[in-house]
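Structure record follows, encoded as structure tokens.
None of the figures in this text is laboratory data; all of them are computed from the coordinates on show. These numbers come from a predicted model, not from an experiment. Cβ placement follows ideal geometry from the backbone for every residue including glycine, while neighbour counts extend to all protein chains displayed.
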Amino acid sequence: MSFPYINNVEFIESLKKGNENAYTYLVKTYHKPLFIYALSLTNDHAQSEDIVQTVFLKSWEFRKRLNPDYSIKSFLYKTTYNEFINQYHQTRAISNLEKVYIEAIDETVDSSNSELLEQKIALVTEGIKNLPKKCKETFLLSRKDGLTNMEISDYLNISIKTVEGHITKAFSILRKTASGKIEGILFFLYRKRHVNT
């Protein structure tokens, strides 16, 4: 669907005036990408749809406050993230470790558009596949399967220091691969992991 406005400013001004065509364009253009983004956060189709619907509802309710100088795309992704956090807080307590991951997601949303986020996820996924064998095995047992360092030590019959060394090495390699922090990306990939040290 081609952009039917001269620029972002004209589009935002149309939204602020309550132009239904502008709102229809907004929904048709961003519903699918926002749903995919919400799904990467929630891992739940129904909740993701609910989040996206809430985002569009809020966009309409607060349209008069929209800033023409601010990207509508960034606004929608940030609002989606905020709605996810609101629901997350309402449904469960958040551990200190999970707070670190959520803060990392926030940084990812602030600094990246959806295409860049997808690129980073792909880079980290590929980077994990290419880790040295023992390093990869240890890392996945930690981040994907949720085992503690002690459990990994017992399972692989190696020392805890060796476990820590493999995990540290994996993080170092992956950070270079993705050119920055990867905690938020790992949260996306292994959302259902057990919390461990």
| query | Too long at a 20 Å Cα-Cα cut-off: which of 58/78; 32/144; 28/73; 32/78; 144/169; 133/161? | reply | 32/144
| field | Inter-label distance, nm, simple model (7 Å from Cα along the C-beta direction), residue 57/residue 133 | value | 5.5
| Taking a point 7 angstrom from the Cα of residue 21 along the C-beta vector, which residues in the stretch 28-65 have backbone N less than 19 Å away? | 28-30
| remark: In the neighbourhood of residue 160 defined by beta carbon distances under 12 Å, the net charge of the other residues (Lys, Arg +1; Asp, Glu -1) is -2
| Among 143, 175, what is the fewest-to-most ranking by other Cβ atoms within 10 Å? | 175, 143
| field | FRET efficiency estimate (nearest 0.05) - Cβ-Cβ, residue 32 to residue 157, R0 35 angstrom | value | 0.15
| task | For the stretch 1-74, state the average projected area of the convex hull of the C-alpha atoms over all orientations, rounded to one decimal in nm². | result | 4.8
